[in-house]
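Asker: What follows is a structure written as structure tokens; I'll ask about it next.
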Amino acid sequence: MAYDERLVVVLAEISNSLFNKNTSEFAERILNLGIMEQTMVSVAAGIAMEGLIPVVHSITPFLVERPFEQIKDDFCYQQLAGNFISTGASYDYSREGMTHHGSGDVQILRSLPGMQIVVPGTPGEFDALFREAYANGSPTYYRLAVKSNPVEYPVHFAELAVVKQGKQATVIAVGPMLASVLTAVEDMDVTVLYCTTVAPFDGGTLRAASQSSNVIIVEPYYEGVLVPDICAAMKQTPIRVETIGIPHKVLTHYGKPEQHDDALGFTPGGIRFRIERFLND
Amino acid sequence: MASTEIVRIERLMTLATGDEKHDESARSTLDVLWVLYDCILRYDTENPRSQERDRFVLSKGHGPEALYAILADKGFFSISALKTFMGWESILGSHPDRNQVPGVEASTGSLGHGLSMAVGMALALRIKKSDRRVFALIGDGECNEGSIWEAILLAGNRQLSTLTCITINNHSSSLDFGDLAAKFAAFGWVATTINGRDHDQIYEALSRRDSTRPSAIVAEIK
């Protein structure tokens, strides 16, 4: 808030208490509107029209799915800049059940023209990516998760990072999936690309780094979102594609996120099994 | 005086639509918009995004012919543009686009968005220490949308005294609202009901501004 006086935080109760310590200094630029997510997004658009930079925040389904039309009409169609920061990725809110899950966020936001989608793997990477993108003139979604990679990479907005190079396959790990992927392929001769910006997707680096026709995507949301971008980037090369992500089905269990990971095979062992099966198929 | 001007604007609307049977959505807003643009709003047609302007949002988006005709009459764009209304190369669609039409503040069309965007503008202007006024026009049918009542609750709670919401009550809603002004008042607004064809009443209502509360004008169209 001190860094850029154009920043305005717009909340619908969620996380409001976290800002209390700042309210004396930045109170007029921290707007908690109450529980009205549709109006929260439209109000943010009005703020953006006045040249300020809104930062809108809530739990994933209430930030993305409930006010989806407001994001589409008020930000994307009007070509306004704004930042949408979620909390609770996929089944992070496992105990609350599917009304509080957010596995479909990236899939539906990917349908919006001009929408930028950032999936950092660590808090530090979020900080770096936000500073790069927050004022670039486009609406940007930042998907924050409880799961975090133990190692921070020097990431840049709209760029794939080459983590490891090999000949047998190219594995694209999105955000917090990198740690599981690196464990899964530790002794395998594969290229690993680290993706922290889903849209716009860095097809150039994928083309340049791929040494194999086997492409495997490991995404922390509903599986397959990146397939069209990968096909577009590799259209001159015959490829085989495997998608590993959250399966598209209703989850009826509660418990801990790790229990969902185990049940869905969303673990280093499960990911390795899927990769080996694909490569041996 | 006013009737002559309204006749002129109606002729411009005819340029857009090709006949004199303007739809009720456009005709019902005509008098309010004329008084607003002729007597109340501050704007600079040479610099439509001037910081010194007042803001107007056609929240309901529907029936923009009256707004387009008045914007052209005031010089925001050429009158000849009206003839292209809804055509392939036109800047004038049947819902206004802020990125194409000079003088249009917000793109609207899906009901229930514009008033909330106007609230956002008023909140931003407060942050910027600006006293410019923000006007939004909604329809009684649009008042079926839940987001309208979110915005009304929020504006009253935030004491957005720079905000004025005009409700064109042409009784298009299938649901009966009863006393709309009383509902605004219950949410902390200063609210009044006027004849939406009476220019003196419109002018008086638009001129008033409370020091702490947002203003609501229910313009009855019989």
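The values are calculated or read from the model by the stated rules, or taken from the named source; none is laboratory data. The shown structure was predicted, so the numbers you read here are calculated from the model rather than taken from an experiment. Counting neighbours? That spans all protein chains shown, and the Cβs are built from the backbone with ideal geometry, glycine included.
Asker: Conditions first: (1) at pLDDT 95 or above; (2) farther than 24 Å from A:H101 by Cβ. A:D261 passes all but one, so which condition is the exception?
Answerer: (2)
For (1) part of a helix (DSSP H, G or I); (2) within 13 Å of chain B (Cβ to nearest Cβ); (3) aliphatic (A, V, I, L, M), each residue gets a yes or a no:
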{"residue": "A:T39", "(1), (2), (3)": "yes, yes, no"}
{"residue": "A:C76", "(1), (2), (3)": "yes, yes, no"}
{"residue": "A:I85", "(1), (2), (3)": "no, no, yes"}
{"residue": "A:F126", "(1), (2), (3)": "yes, no, no"}
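Asker: (1) of a type outside the set (A, V, I, L, M, F, W, C); (2) more than 10 Å from every other protein chain (Cβ to nearest Cβ); (3) under 18 Å from the mean Cα position of the chain (by Cα); (4) buried (at least 20 other Cβ atoms within 10 Å of the Cβ): which one isn't true of B:S147, the others all being true?
Answerer: So the condition that B:S147 fails would be (2).
Asker: Given (1) touching a strand residue (DSSP E or B) at 6+ places or on another chain (Cβ under 9 Å); (2) over 25 Å from A:L80 (Cα atoms), identify the lone condition not met by A:Y142.
Answerer: (2)
Asker: What do you reckon, is A:A81 of a type in the set (A, V, I, L, M, F, W, C), under 24 Å from A:G255 (Cβ atoms) and in contact with a helix residue (DSSP H, G or I) (Cβ under 9 Å, 6 or more places away or on another chain)?
Answerer: When the stated conditions are applied, A:A81 does not pass them.
Asker: Taking only the range A:2-36 into account, find how many residues are more than 9 Å from chain B (Cβ to nearest Cβ) and surrounded by 15 or more Cβ atoms within 10 Å (Cβ to Cβ).
Answerer: Residues flagged as more than 9 Å from chain B (Cβ to nearest Cβ) and surrounded by 15 or more Cβ atoms within 10 Å (Cβ to Cβ) within the range A:2-36 amount to 13.
Asker: Sticking with this one: Among the candidates B:R126, B:R53, single out the residue that is of a type in the set (K, R) and part of a loop (DSSP other than H, G, I, E, B).
Answerer: None of the others qualify; the one that does is B:R53.
Asker: Among what's in the range B:129-144 and is under 15 Å from the mean Cα position of the chain (by Cα) and not in a strand (DSSP E or B), pick the residue that is farthest from the other protein chains (Cβ to nearest Cβ).
Answerer: Only one residue tops the list, namely B:D140.
Asker: Taking the range B:109-123, which residues are at the interface with chain A (Cβ under 8 Å from one of its Cβ atoms) and assigned to a loop (DSSP other than H, G, I, E, B)?
Answerer: B:G109, B:S110, B:G112, B:H113
Asker: Now a separate question. Determine which single condition B:P96 fails, assuming it passes every other condition in (1) part of a loop (DSSP other than H, G, I, E, B); (2) surrounded by fewer than 24 Cβ atoms within 10 Å (Cβ to Cβ).
Answerer: In the conditions (1) part of a loop (DSSP other than H, G, I, E, B); (2) surrounded by fewer than 24 Cβ atoms within 10 Å (Cβ to Cβ), B:P96 misses (2) alone.
Asker: While we're looking at this one, here's another question. Is it the case that the range A:233-240 has a residue that's under 23 Å from A:A208 (Cβ atoms), small (G, A, S) and modelled with pLDDT of 95 or more?
Answerer: Yes, that holds for at least one residue.
Asker: Restricting to the range A:134-149, name every residue that is buried (at least 17 other Cβ atoms within 10 Å of the Cβ) and part of a loop (DSSP other than H, G, I, E, B).
Answerer: Of everything in the range A:134-149, those that are buried (at least 17 other Cβ atoms within 10 Å of the Cβ) and part of a loop (DSSP other than H, G, I, E, B) turn out to be A:Y134, A:S138, A:R143, A:L144, A:A145, A:K147, A:S148, A:N149.
Asker: Any idea which of (1) surrounded by fewer than 21 Cβ atoms within 10 Å (Cβ to Cβ); (2) more than 23 Å from B:L163 (Cα to Cα) is the one B:A72 doesn't satisfy?
Answerer: With (1) surrounded by fewer than 21 Cβ atoms within 10 Å (Cβ to Cβ); (2) more than 23 Å from B:L163 (Cα to Cα) applied to B:A72, the lone miss is (1).
Asker: Here is a follow-up. Give me the residue from the range B:155-191 that is more than 19 Å from B:N144 (Cβ to Cβ) and polar (S, T, N, Q) and, out of that set, nearest to the other protein chains (Cβ to nearest Cβ).
Answerer: B:N157
Asker: Looking only at the range A:1-37, which residues are of a type in the set (V, I, T) and not in a helix (DSSP H, G or I)?
Answerer: Once the filter is applied, which keeps residues that are of a type in the set (V, I, T) and not in a helix (DSSP H, G or I), the range A:1-37 yields A:V8, A:V9, A:V10, A:I14, A:I30, A:I35.
Asker: A further question follows. Output the residues belonging to the range A:153-189 that are surrounded by fewer than 24 Cβ atoms within 10 Å (Cβ to Cβ), in contact (Cβ under 8 Å) with a residue 60 or more places away in the chain and either of a type in the set (V, I, T) or assigned to a loop (DSSP other than H, G, I, E, B) (or both).
Answerer: Within the range A:153-189, A:Q168, A:A169, A:T183, A:M188 meet the criteria.
A quick yes/no check of all residues on (1) within 19 Å of the chain's Cα centre (by Cα); (2) on the phi > 0 side of the Ramachandran plot:
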position: A:I35; (1), (2): no, no
position: A:S42; (1), (2): no, no
position: A:E50; (1), (2): no, no
position: A:I59; (1), (2): yes, no
position: A:F84; (1), (2): yes, no
position: A:G88; (1), (2): yes, yes
